[in-house]
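Structure first, commentary second.
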Amino acid sequence: MAHHKPNLPQKPCAACGRPFAWRKKWARVWEEVRFCSDACREGRRDAARRVVKKGA
Ligand SMILES: [Zn+2]
């Protein structure tokens, strides 16, 4: 393994709970980033559907 892994910060996703690493596109908003992906950020999961059903 000649590749050196950079020591990037990580944090758990607020939606799926999986840890994700810092990305360059988040350089300015890293402290505000809470989700690992657009899908999690938009809540396109069972959790979102449950909320809609419960609310109705
Ligand atoms: Zn996630």
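The values are calculated or read from the model by the stated rules, or taken from the named source; none is laboratory data. This one's a predicted model, so the numbers in the text were calculated from it and none came from an experiment. All Cβ positions, even for glycine, are placed from backbone atoms using ideal geometry, and neighbour counts span all protein chains on display.
Values for this structure:
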item	result
Number of positions in region 14-32 that are more than 19 Å from E42 (Cβ to Cβ) and either surrounded by 12 or more Cβ atoms within 10 Å (Cβ to Cβ) or of a type in the set (A, V, I, L, M) (or both)	4
Output for region 1-31, where each listed residue is charged (D, E, K, R) and either assigned to a loop (DSSP other than H, G, I, E, B) or more than 9 Å from the chain's Cα centre (by Cα) (or both)	K5, R18, R23, K24, K25, R28, E31
Scan of region 6-56 for residues that are more than 16 Å from the ligand (Cβ to nearest atom) and either polar (S, T, N, Q) or at pLDDT below 75 (or both), ordered by number	P6, N7, R49, R50, V51, V52, K53, K54, G55, A56
